[in-house]
Amino acid sequence: MVVFSPRETTFFCVSAGTVLRGGGVPCFWGMGELFPCDAVYPVIALASAGALIQVISPMPTVETLVQNFPELSDAGAASILSAPRARRCLLLSEQTGLSTIAVASRLASRYRLPFVERFTLAPDAAQKIPVRLVYEYQCLPVVSAEGGPDTLALVTNWPADARMEAWVLALTGLRAVWGIAPPEAVDAAIQENFGVGSGSLDSADMARLGVEGEVEEVEDENAAIIRFINEIIAKAAGDRATDIHFEPQKDSLIIRYRIDGELVPVRLPDNLVQFQAALISRLKIMAKLNISERRRPQDGRIHFRHGSDDIDIRVSTLPTLYGESVSLRLLGAKTVPLSISDLGFLPDDESRIVRQIERPHGIILVTGPTGSGKSTTLNAFLRRILRPGLRIMTVEDPVEYEVPTVNQTQVHAEIGLTFANVLRSILRQDPDVIMVGEIRDRETADIAIRASLTGHLVLSTLHTNDAAGALTRLTDMGIEPFLIASSVELIIAQRLVRRLCTRCARPVRKGREEVLPCLAALGIAPDAAGESETIHEPDGCDYCRGIGYKGRVGIFEILPVGEAIHDLIVNRTSAREIHEQALREGMRTLQRCGWEQVRRGVTTLQEIMTYAEKYEE
């Protein structure tokens, strides 16, 4: 027989079907003394005489976690227990290498709780339990055949403790019957049905906590606004969002995340509109902006701490018809950097790039629109060539990734610290490799080219649609063609497409006749397709939040500057002619690279049709 108690031990049943009582309180007799069990741990009639009763603590400890997950260290277990409830199962999954479903299932088994992989939310969930409790303890009322009229069936992503039991009993009058569910399923159900930050703005909870008086109400509202903004940013960071947009409408406030290049609406509390002005003011205070100025755009920045990570947030405000629109760009100071292999280069392209970046001089340009991953690519190049014998210096706006032993400088145009000025100073610092965040003007381009001609490896970016366009862009800036031809060694054009979820992508067999129209639209020769192709398509699961995609991968067009292209540059040939010559020399276009990723099951044909530049006759 198993019951729950704050102390773990084993008791001996002294009589059949009886419960010993001390002072009128149900007790267990064991180890020479009486142990009372209060309402949080209801007592069940004991089994037959002589039976052993195992008493299990309902809350995992460092010892029990290490015992049940041998892959964990004591320090790892302690860090998990100190994390917020919403993160514990995810952290346990990361540290053990198990899936979150496997972790939740093992926890449920250890604590004698049902494992509920899929559940149905109770129809009147918001009336059954306060929203604040839902968010604080990551629990949801569900439809269940367990229990009776005096119980409430709840699922959570981490075993309940005595405090949770007491709060549920106090606020609902019902005894909780717990189940363990995967954290992704619990989080998705909370956001979908209650909205992000509902717990912070739940006025019913404020009243329930006994907030009285005007001063206390104002203070509590301010605290609620702060909590709500923190939850919105923390949620965005957890969902890998790059941007957050606060968009005022006539009778509402819309908040959207940009995740994997797509704008995703955020489910919000119904009472959010009454806090609109306070929310915008709070964001401006955090960014150190003038809260009384609502007629002009303002720019600022916020330093936000999310768990152990520091996030640098760029803030931009813009007056609109119904209030100020606020956009937040999230730049993680501790964003996990990617290697060249992680970026999505095909094997032959990767070997060509590695050979080029290991040369001591020349310019390597990465081109593409804003948000196409150019900085991430350059950062991966730096990490590939990083070694004690090289002095690497960068000038960026902003510094998105911190690279150990690399001297990184961020531009500040307001004090005259521009790309060109910093680059001029870097050349006096004896660098071997220079990374310029972006070539924006002739002065920066001229210094970068002369640096490469004097024995430095220069990495930089340009905003062009394809690789060949970078050469004509430099010419348009006023750089002499012979200097461009002598310094530029390699140009990489890139785009980002969504990566298929590895857990739910399903293979579909398609005939040649189904594929050929798409290939023709992308300018890919018919011989690139076989008689039939296995193409993966999105399905949707809890891991990818039902989208079918998780993360992004690059598609690339790599143009090496050989002798023939060198002559075309010097003769001021058009970008189209340079592009055609590169194709004759074996360059793989963005479209063809995307098709290869489709055949490898990394992305979908729909993604390539949407994001890759269409072929023009």
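The values are calculated or read from the model by the stated rules, or taken from the named source; none is laboratory data. Just so it is clear, the structure is predicted and the values come from calculations on it, not from any experiment. Every residue, glycine as well, gets a Cβ built from its backbone with ideal geometry; the counts of neighbours run over all protein chains shown. Note: accessible area is taken over every heavy atom of the protein model, side chains too, but ligands, DNA and RNA are not part of it. Shrake-Rupley method; radii C 1.70, N 1.55, O 1.52, S 1.80 Å.
Rundown of residues vs (1) modelled with pLDDT of 90 or more; (2) farther than 17 Å from R240 by Cα; (3) open to solvent by 40 Å² or more (accessible area, probe 1.4 Å), yes/no style:
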{"site": "P319", "(1), (2), (3)": "yes, yes, yes"}
{"site": "K334", "(1), (2), (3)": "no, no, yes"}
{"site": "S339", "(1), (2), (3)": "no, yes, yes"}
{"site": "E350", "(1), (2), (3)": "yes, yes, yes"}
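The set of residues in region 498-523 that are open to solvent by less than 70 Å² (accessible area, probe 1.4 Å), under 21 Å from T589 (Cα atoms) and in a strand (DSSP E or B) contains only R498. The residues of region 394-449 that are of a type in the set (K, R) and within 26 Å of I313 (Cβ to Cβ) amount to a single one, R440. Just a yes or no: is a residue in region 356-367 within 26 Å of R600 (Cβ to Cβ) and open to solvent by 10 Å² or more (accessible area, probe 1.4 Å)? Yes, because at least one residue in region 356-367 is within 26 Å of R600 (Cβ to Cβ) and open to solvent by 10 Å² or more (accessible area, probe 1.4 Å). Residue under question is D270, and the condition is that it be in contact (Cβ under 8 Å) with a residue 60 or more places away in the chain, acidic (D, E) and either open to solvent by less than 30 Å² (accessible area, probe 1.4 Å) or in a strand (DSSP E or B) (or both); does it hold? For D270, the condition - in contact (Cβ under 8 Å) with a residue 60 or more places away in the chain, acidic (D, E) and either open to solvent by less than 30 Å² (accessible area, probe 1.4 Å) or in a strand (DSSP E or B) (or both) - is not met. Examine region 410-422 for a residue that is touching a residue at least 12 places away in the same chain (Cβ under 8 Å), buried (at least 16 other Cβ atoms within 10 Å of the Cβ) and within 22 Å of V354 (Cα to Cα), and state whether such a residue exists. Scanning region 410-422 turns up no residue that is touching a residue at least 12 places away in the same chain (Cβ under 8 Å), buried (at least 16 other Cβ atoms within 10 Å of the Cβ) and within 22 Å of V354 (Cα to Cα).
Being open to solvent by less than 70 Å² (accessible area, probe 1.4 Å), without any contact (Cβ under 8 Å) to a residue 40 or more places away in the chain and under 23 Å from V168 (Cα atoms) is true of A122. In region 292-307, the count of residues that are at pLDDT 90 or above, of a type outside the set (D, E) and at positive phi is zero. Among the numbered conditions (1) farther than 13 Å from A181 by Cβ; (2) surrounded by 18 or more Cβ atoms within 10 Å (Cβ to Cβ), the only one that A166 does not meet is (2).
Of all residues in region 546-576, exactly one satisfies the criterion of being closer than 12 Å to A467 by Cα and open to solvent by 60 Å² or more (accessible area, probe 1.4 Å), namely R576. Among residues belonging to region 577-587 that are part of a loop (DSSP other than H, G, I, E, B) and in contact with a strand residue (DSSP E or B) (Cβ under 9 Å, 6 or more places away or on another chain), point out the one that is surrounded by the fewest Cβ atoms within 10 Å (Cβ to Cβ). That would be E585.
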